[in-house]
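Q: Starting off with a structure, shown below.
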Amino acid sequence: MTKYFGVFLILMSIGWTEIRAQDPQFSQYYASPLYLNPGFAGTTKQHRFISNFRTQWPSISKTYVTYAASYDHFKPSLNSGFGILASTDKAGSADLRSTHIGGLYSYKVQLSDKWVVSPGVYIGYGIRDLNFNKLVFGDQLDITDNRIFDDTIDPIRNAYNNINYFDFGSGIVVYNEKFWGGFSIYHMNEPNHSLLDEESVLPMKYSVHAGVRIPLYNGPLKKDREASIAPSFNYRKQGKFDQLDLGLHFRYDPIIAGVWYRGIAIQQSIGDNVNHDAVTFMFGLRYKQFEFGYSFDMTVSKLAANTGGAHEFAINYQWSKVDNGKIRKKRKEKFIPCPTFSNKF
């Protein structure tokens, strides 16, 4: 029976992803800024590399695993930010994988001495594939002898095909030294990503997000370490699915801690749209150019007893170009005071 239950899960995973296409999410959305909004490209004074890893529902066999990596930098002479973003998500026993890689561009418009607006675009390429050798079809099952045959002649086997497609997104971010807010749209062209010979579009993903850094000391003395809190939110909608992340960071270098609620507390669950999802606890450290963050999602929905929550890691590394042993001096530019960045502006 265990084998047949595994077959059932495989088929259900394929059907679910065809019916309810949805992008993977990061609880540490502030630690994956290019994944959140292309307008974030080039919003630091330095070169920036970010790596993200998430494993969801580890108590379930063949858990959901997501990787992402990005690099971006700001070009002062062009008032422009450039970046590259790659992500891959693997789910289910048949290794259903969605991979995206693309380039990002943003342009910085200085509205005043304190405010900057940064519109951005994303142009990418997507690949969706499945390990067909791990699928089990009806003619491979022998219930009498409780075994599975190696070969199949089921015609549906030949109906599955890996799919490639172009993908486009855009966004805008407005910020000063303490506030940032933005809006983004990914999958603007709603590409067909069906593994079958049929139409199954990837719905547009909308996101509205903002945050503010609030220093806990405003006295006349200048301190090397500054304590602050940074409340932020991220509301996203994709197809029939919508969700809100709401919480805050506390920061006192080198320590960072935070807590978030993911869901929509005032909205009841509609059908299979579970809006009361998780409470996320985060802990991080910053050392020179490195910043590391770990978070755990404590599931509060009906799945709480069986999933094991989710674990997530983020690494942020920033560096400046060096010329003859000296850091190149750049003209002064502003950048987004995201909670993952240094408080020293």
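Q: Could you please put TRP57, TRP180, TRP115 in sequence from largest to smallest accessible area, using a 1.4 Å probe?
A: On the way: TRP57 65, TRP180 5, TRP115 90 Å².
Accessible-area ranking of TRP57, TRP180, TRP115, largest first: TRP115, TRP57, TRP180.
Q: For the stretch 78-120, which trypsin sites (Lys or Arg not before Pro) pass both filters: DSSP loop (anything but H, G, I, E, B) and at most 16 other C-beta atoms within 10 Å? It would help to have the intermediate numbers written out before the result.
A: Working: sites: LYS90, ARG97, LYS108, LYS114; in loops: LYS108, LYS114.
The qualifying sites are LYS114.
Q: Continuing with this model, one more query. How far is it, in nm, from the label point at SER301 to the one at ALA257 when both lie 7 Å from their Cα along the line to the Cβ?
A: It works out to 2.9 nm between the two label points.
Q: Would you please give the FRET efficiency between GLN289 and LYS178, computed as 1/(1 + (r/R0)^6) with r the Cβ-Cβ distance and R0 = 25 Å, to the nearest 0.05? Show your work: numbers first, answer last.
A: Working: r = 22 Å, r/R0 = 0.90.
Once rounded, the FRET efficiency stands at 0.65.
Q: Same structure again: Are there GluC sites (Glu not before Pro) in the stretch 168-233 that DSSP marks as loop and that have at most 15 other Cβ atoms within 10 Å, and which are they? Don't skip to the answer; put the middle values down first.
A: Details: sites: GLU177, GLU198, GLU199, GLU226; in loops: GLU177, GLU198, GLU199, GLU226.
In loop regions of the stretch 168-233 (DSSP not H, G, I, E or B), the sparsely surrounded GluC sites (Glu not before Pro) are GLU177, GLU198, GLU199.
Q: LYS114 to HIS311: FRET efficiency via 1/(1 + (r/R0)^6), r the Cβ-Cβ distance, R0 45 Å, to the nearest 0.05?
A: On the way: r = 39 Å, r/R0 = 0.86.
Rounded to the nearest 0.05, the efficiency is 0.70.
Q: Follow-up. GLU226 versus VAL208, label points 7 Å from Cα toward the beta carbon: distance in nm?
A: 2.9
The values are calculated or read from the model by the stated rules, or taken from the named source; none is laboratory data. Just so we're clear, the structure is a prediction, and the values are computed from it rather than from any experiment. Note that we place each Cβ from the backbone using ideal geometry, even for glycine, and neighbour counts take in every protein chain shown. Areas reflect the complete protein model, heavy atoms only, side chains present, ligands, DNA and RNA absent. Shrake-Rupley method; radii C 1.70, N 1.55, O 1.52, S 1.80 Å.
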